[in-house]
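Presented below is the structure to which this report refers.
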Amino acid sequence: MKKIIPFLVLLTILFSCKNEIIKKPNNLIEKEKMVNVMYDLSILEAIRNQNPNSLETRKINPTEYIYKKYKIDSIQFVQSNAYYASDYKEYKLMYDQVKSRLDKRKSLVESLVKIESKKSKARKIAEGKLKAKKEADSIKKAKQELKITRDADSIKRIKERNLSL
């Protein structure tokens, strides 16, 4: 008996959800535009989580930015989001599109980071080689100056000896 009651409650909830469909709003945001809104919101939310100061220093409010960019208001967004969410299969497809775009962007960013990392390593190696060459040149120059000084000193000593003889 204890097992049947939760099962019946679950069935009741499932059937009641199926019958209660949200009515299509008059100012529904078209599906493709809604996907773009969800994508941009995901990007802005990621920025907020990774570096909260970046949005604050630029005085960007993510939701206001989205509303201005897509020329929508908060009520229109909430109603459209609720309408699309009422059909969970379609809503999942929309989220899959967002996820696919995010994954593409992520792989692009990762490849750019790799390229920058390689450039940075190559720059460091080049700087190291240049520094080593400068050191080698300065050592060589110092040896030449030392040799010139020694030669000058030895010539000076020879002249002094010749003069004293």
- Residue selected from the stretch 42-75 under the condition of a type in the set (K, R) and assigned to a helix (DSSP H, G or I), by the criterion most open to solvent (accessible area, probe 1.4 Å): K68
- Given the conditions (1) closer than 16 Å to R101 by Cβ; (2) over 24 Å from the mean Cα position of the chain (by Cα); (3) in contact (Cβ under 8 Å) with a residue 24 or more places away in the chain, report the number of the one that Y39 does not fulfil. (2)
- Query: Does any residue of the stretch 101-118 turn out to be under 26 Å from Y39 (Cα atoms), part of a helix (DSSP H, G or I), open to solvent by less than 100 Å² (accessible area, probe 1.4 Å) and in contact (Cβ under 8 Å) with a residue 40 or more places away in the chain?
  - Reply: yes
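The values are calculated or read from the model by the stated rules, or taken from the named source; none is laboratory data. The structure displayed is predicted, hence computed values, not measured ones. So basically every Cβ, Gly included, is an ideal-geometry build from the backbone, and we count neighbours across all protein chains shown. Keep in mind that these areas ignore ligands, DNA and RNA; they rest on the heavy atoms of the full protein, side chains included. Shrake-Rupley method; radii C 1.70, N 1.55, O 1.52, S 1.80 Å.
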